[in-house]
Amino acid sequence: MSKKDLEAMERVRLYMEQQNRPYSVNDIFMNLHKDIGKTAVQKALDQLVSDGILREKSYGKQKVYVYDQSHFPSFDEGKLKEMDAEIAQLNESIKENDKLCSEVEAKLRGLNSSLTTEEAMKKIAELEKEISTLQDKLTSLQSTTTGLISKEEKDKIASESENMNKVWRKRKRMAMDILDAILEGYPKPKKVLFEEIGVETDEDVGVVLKKT
(Lines give C-alpha, C1' and ligand atoms only; values in the text may rest on other atoms or scores of the structure.)
Protein backbone atom coordinates (compact mmCIF):
# COMPACT_ATOMS: atom_id res chain seq x y z
CA MET A 1 0.00 0.00 0.00
CA SER A 2 1.42 3.37 -1.06
CA LYS A 3 2.08 6.27 1.28
CA LYS A 4 -0.88 8.12 -0.24
CA ASP A 5 -3.16 5.13 0.42
CA LEU A 6 -1.94 4.92 4.02
CA GLU A 7 -2.60 8.63 4.55
CA ALA A 8 -6.09 8.30 3.08
CA MET A 9 -6.84 5.27 5.26
CA GLU A 10 -5.64 7.07 8.41
CA ARG A 11 -7.78 10.08 7.64
CA VAL A 12 -10.83 7.91 7.05
CA ARG A 13 -10.12 5.94 10.24
CA LEU A 14 -9.72 9.12 12.31
CA TYR A 15 -12.91 10.59 10.86
CA MET A 16 -14.93 7.45 11.62
CA GLU A 17 -13.51 7.29 15.15
CA GLN A 18 -14.33 10.94 15.89
CA GLN A 19 -17.83 10.80 14.44
CA ASN A 20 -18.62 7.30 15.75
CA ARG A 21 -21.73 6.91 13.65
CA PRO A 22 -22.65 4.86 10.55
CA TYR A 23 -21.84 6.24 7.10
CA SER A 24 -21.93 5.03 3.53
CA VAL A 25 -18.90 5.44 1.27
CA ASN A 26 -20.62 8.35 -0.46
CA ASP A 27 -21.35 10.03 2.90
CA ILE A 28 -17.67 9.85 3.86
CA PHE A 29 -16.54 11.04 0.43
CA MET A 30 -18.80 14.11 0.68
CA ASN A 31 -18.08 14.79 4.38
CA LEU A 32 -14.35 14.85 3.67
CA HIS A 33 -15.07 17.55 1.08
CA LYS A 34 -13.98 15.26 -1.77
CA ASP A 35 -10.35 15.66 -0.68
CA ILE A 36 -9.96 11.91 -1.13
CA GLY A 37 -11.24 10.22 -4.25
CA LYS A 38 -14.27 7.98 -3.86
CA THR A 39 -12.28 4.94 -5.00
CA ALA A 40 -9.56 5.68 -2.43
CA VAL A 41 -12.23 6.06 0.28
CA GLN A 42 -13.70 2.67 -0.63
CA LYS A 43 -10.26 1.09 -0.63
CA ALA A 44 -9.52 2.55 2.81
CA LEU A 45 -12.86 1.31 4.19
CA ASP A 46 -12.25 -2.20 2.88
CA GLN A 47 -8.82 -2.29 4.50
CA LEU A 48 -10.13 -0.92 7.81
CA VAL A 49 -12.86 -3.59 7.84
CA SER A 50 -10.23 -6.24 7.07
CA ASP A 51 -8.08 -4.94 9.95
CA GLY A 52 -11.07 -5.10 12.34
CA ILE A 53 -11.14 -1.32 12.87
CA LEU A 54 -14.52 -0.85 11.19
CA ARG A 55 -17.60 -3.00 10.82
CA GLU A 56 -19.74 -3.09 7.70
CA LYS A 57 -23.38 -3.97 7.16
CA SER A 58 -25.15 -4.34 3.84
CA TYR A 59 -28.54 -2.82 3.11
CA GLY A 60 -29.45 -4.02 -0.33
CA LYS A 61 -26.76 -2.80 -2.70
CA GLN A 62 -25.42 -0.26 -0.23
CA LYS A 63 -22.96 -0.85 2.58
CA VAL A 64 -22.79 1.13 5.80
CA TYR A 65 -19.63 1.40 7.88
CA VAL A 66 -19.21 2.15 11.58
CA TYR A 67 -16.29 2.20 13.99
CA ASP A 68 -15.91 -1.03 15.94
CA GLN A 69 -17.08 -0.18 19.47
CA SER A 70 -14.69 -2.67 21.03
CA HIS A 71 -11.85 -0.25 20.33
CA PHE A 72 -13.36 2.29 22.70
CA PRO A 73 -12.66 2.05 26.46
CA SER A 74 -15.43 0.47 28.52
CA PHE A 75 -17.71 2.83 30.44
CA ASP A 76 -17.59 3.03 34.20
CA GLU A 77 -21.21 2.72 35.40
CA GLY A 78 -20.42 4.61 38.57
CA LYS A 79 -18.86 7.42 36.59
CA LEU A 80 -21.90 7.54 34.30
CA LYS A 81 -24.20 7.88 37.31
CA GLU A 82 -22.05 10.71 38.65
CA MET A 83 -22.22 12.45 35.28
CA ASP A 84 -26.01 12.01 35.16
CA ALA A 85 -26.31 13.53 38.64
CA GLU A 86 -24.05 16.42 37.64
CA ILE A 87 -26.11 17.02 34.49
CA ALA A 88 -29.33 17.07 36.55
CA GLN A 89 -27.76 19.53 38.98
CA LEU A 90 -26.59 21.77 36.14
CA ASN A 91 -30.04 21.69 34.54
CA GLU A 92 -31.59 22.74 37.85
CA SER A 93 -29.05 25.53 38.17
CA ILE A 94 -29.91 26.70 34.64
CA LYS A 95 -33.60 26.81 35.56
CA GLU A 96 -32.87 28.88 38.68
CA ASN A 97 -30.66 31.26 36.71
CA ASP A 98 -33.34 31.61 34.01
CA LYS A 99 -35.89 32.48 36.69
CA LEU A 100 -33.52 35.00 38.27
CA CYS A 101 -32.82 36.58 34.88
CA SER A 102 -36.56 36.91 34.23
CA GLU A 103 -37.06 38.64 37.59
CA VAL A 104 -34.14 41.02 36.97
CA GLU A 105 -35.39 41.81 33.46
CA ALA A 106 -38.88 42.54 34.80
CA LYS A 107 -37.45 44.84 37.48
CA LEU A 108 -35.28 46.57 34.87
CA ARG A 109 -38.28 47.15 32.63
CA GLY A 110 -40.11 48.66 35.61
CA LEU A 111 -37.20 50.97 36.41
CA ASN A 112 -36.85 52.04 32.78
CA SER A 113 -40.54 52.96 32.64
CA SER A 114 -40.50 54.94 35.92
CA LEU A 115 -39.43 58.52 36.49
CA THR A 116 -35.76 59.39 36.65
CA THR A 117 -34.45 60.90 39.89
CA GLU A 118 -34.31 64.33 38.27
CA GLU A 119 -37.89 64.04 36.98
CA ALA A 120 -39.10 62.80 40.37
CA MET A 121 -37.41 65.69 42.19
CA LYS A 122 -39.03 68.19 39.83
CA LYS A 123 -42.44 66.58 40.34
CA ILE A 124 -42.03 66.64 44.12
CA ALA A 125 -41.17 70.35 44.03
CA GLU A 126 -44.30 71.07 41.97
CA LEU A 127 -46.50 69.06 44.34
CA GLU A 128 -45.01 70.70 47.43
CA LYS A 129 -45.68 74.14 45.95
CA GLU A 130 -49.27 73.21 45.17
CA ILE A 131 -49.78 71.68 48.61
CA SER A 132 -48.37 74.82 50.24
CA THR A 133 -50.81 76.99 48.28
CA LEU A 134 -53.71 74.80 49.28
CA GLN A 135 -52.61 74.82 52.92
CA ASP A 136 -52.45 78.62 52.95
CA LYS A 137 -55.87 78.87 51.38
CA LEU A 138 -57.35 76.37 53.79
CA THR A 139 -55.78 78.09 56.78
CA SER A 140 -57.15 81.42 55.58
CA LEU A 141 -60.63 80.02 55.21
CA GLN A 142 -60.56 78.27 58.57
CA SER A 143 -59.33 81.38 60.43
CA THR A 144 -61.85 83.78 58.92
CA THR A 145 -64.07 85.05 61.72
CA THR A 146 -65.10 88.49 60.43
CA GLY A 147 -68.84 88.95 60.48
CA LEU A 148 -71.56 86.40 60.34
CA ILE A 149 -71.94 84.20 57.33
CA SER A 150 -75.02 82.62 55.94
CA LYS A 151 -75.71 78.92 56.00
CA GLU A 152 -75.19 78.80 52.23
CA GLU A 153 -71.78 80.43 52.54
CA LYS A 154 -70.85 78.16 55.42
CA ASP A 155 -71.89 75.07 53.42
CA LYS A 156 -69.92 76.34 50.44
CA ILE A 157 -66.79 76.86 52.56
CA ALA A 158 -67.20 73.43 54.13
CA SER A 159 -67.56 71.87 50.68
CA GLU A 160 -64.48 73.67 49.39
CA SER A 161 -62.57 72.66 52.49
CA GLU A 162 -63.54 69.03 51.98
CA ASN A 163 -62.55 69.17 48.31
CA MET A 164 -59.20 70.75 49.12
CA ASN A 165 -58.67 68.17 51.83
CA LYS A 166 -59.19 65.44 49.20
CA VAL A 167 -56.80 67.15 46.80
CA TRP A 168 -54.30 67.48 49.62
CA ARG A 169 -54.51 63.76 50.36
CA LYS A 170 -54.22 62.91 46.65
CA ARG A 171 -51.18 65.13 46.17
CA LYS A 172 -49.58 63.76 49.30
CA ARG A 173 -50.13 60.21 48.11
CA MET A 174 -48.61 61.05 44.70
CA ALA A 175 -45.60 62.66 46.36
CA MET A 176 -45.07 59.63 48.63
CA ASP A 177 -45.39 57.23 45.67
CA ILE A 178 -42.67 59.15 43.86
CA LEU A 179 -40.47 59.14 46.95
CA ASP A 180 -41.01 55.40 47.40
CA ALA A 181 -39.96 54.86 43.77
CA ILE A 182 -36.76 56.84 44.41
CA LEU A 183 -36.08 54.86 47.59
CA GLU A 184 -36.04 51.57 45.64
CA GLY A 185 -32.70 52.59 44.18
CA TYR A 186 -31.56 54.85 47.02
CA PRO A 187 -28.89 53.31 49.30
CA LYS A 188 -29.79 55.27 52.43
CA PRO A 189 -32.84 55.38 54.76
CA LYS A 190 -35.92 57.43 53.92
CA LYS A 191 -35.11 60.00 56.61
CA VAL A 192 -31.73 60.74 55.02
CA LEU A 193 -33.30 61.17 51.58
CA PHE A 194 -35.91 63.59 52.96
CA GLU A 195 -33.20 65.63 54.65
CA GLU A 196 -31.04 65.78 51.52
CA ILE A 197 -33.83 66.98 49.23
CA GLY A 198 -35.53 69.16 51.85
CA VAL A 199 -38.83 67.30 52.14
CA GLU A 200 -41.00 68.04 55.18
CA THR A 201 -43.92 65.74 55.87
CA ASP A 202 -47.19 66.75 57.50
CA GLU A 203 -46.05 64.98 60.63
CA ASP A 204 -42.81 66.99 60.72
CA VAL A 205 -44.75 70.27 60.93
CA GLY A 206 -47.57 68.97 63.11
CA VAL A 207 -50.25 69.06 60.41
CA VAL A 208 -53.11 66.58 60.70
CA LEU A 209 -55.35 66.07 57.72
CA LYS A 210 -59.04 66.22 58.36
CA LYS A 211 -60.61 62.77 58.24
CA THR A 212 -63.24 62.25 55.56
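The values are calculated or read from the model by the stated rules, or taken from the named source; none is laboratory data. This structure is a prediction, so every number in the text was calculated from the model and none was measured. Every residue, glycine among them, receives a Cβ derived from its backbone with ideal geometry; neighbour counts consider all protein chains shown.
Kindly indicate whether any position in the stretch 102-114 is of a type in the set (K, R), modelled with pLDDT under 85 and within 49 Å of the chain's Cα centre (by Cα).
At the first step, the residues of the stretch 102-114 found to be of a type in the set (K, R) are 107, 109.
Next cut, modelled with pLDDT under 85 only: 107, 109.
Okay, now just the ones that are also within 49 Å of the chain's Cα centre (by Cα), so 107, 109.
The answer is yes, given that some residue of the stretch 102-114 is of a type in the set (K, R), modelled with pLDDT under 85 and within 49 Å of the chain's Cα centre (by Cα).
Look through L108, L45 and report the one residue that is more than 30 Å from E184 (Cβ to Cβ), part of a helix (DSSP H, G or I) and not assigned by TED's automatic domain parsing to the domain that holds E184. Show your work before the answer.
Values: L108 fails: more than 30 Å from E184 (Cβ to Cβ).
The match here is L45.
Under 9 Å between Cβ atoms, at least 6 apart or on separate chains: pull out the pairs that start in the stretch 40-60 with a residue that is touching a residue at least 12 places away in the same chain (Cβ under 8 Å) and end on any residue that is exposed (fewer than 10 other Cβ atoms within 10 Å of the Cβ).
Going by the 9 Å Cβ cut-off, the qualifying pairs are G52/S70; R55/Q69.
Could you check how many residues of the stretch 168-205 are assigned to a loop (DSSP other than H, G, I, E, B), within 20 Å of Q135 (Cβ to Cβ) and touching a residue at least 24 places away in the same chain (Cβ under 8 Å)?
Of the residues in that region, 2 qualify.
Taking the stretch 1-37, which residues are among the charged types (D, E, K, R) and in a helix (DSSP H, G or I)? Explain how you work it out, then say what you get.
First, pick out the residues of the stretch 1-37 that are among the charged types (D, E, K, R): 3-5, 7, 10-11, 13, 17, 21, 27, 34-35.
Those that are among the charged types (D, E, K, R) and in a helix (DSSP H, G or I): K3, K4, D5, E7, E10, R11, R13, E17, D27.
Inside the stretch 72-113, can you point out the residues that are within 30 Å of D177 (Cβ to Cβ) and aliphatic (A, V, I, L, M)?
The first filter runs over the stretch 72-113 and keeps only residues within 30 Å of D177 (Cβ to Cβ), leaving 99-113.
Answer for the stretch 72-113, where residues must be within 30 Å of D177 (Cβ to Cβ) and aliphatic (A, V, I, L, M): L100, V104, A106, L108, L111.
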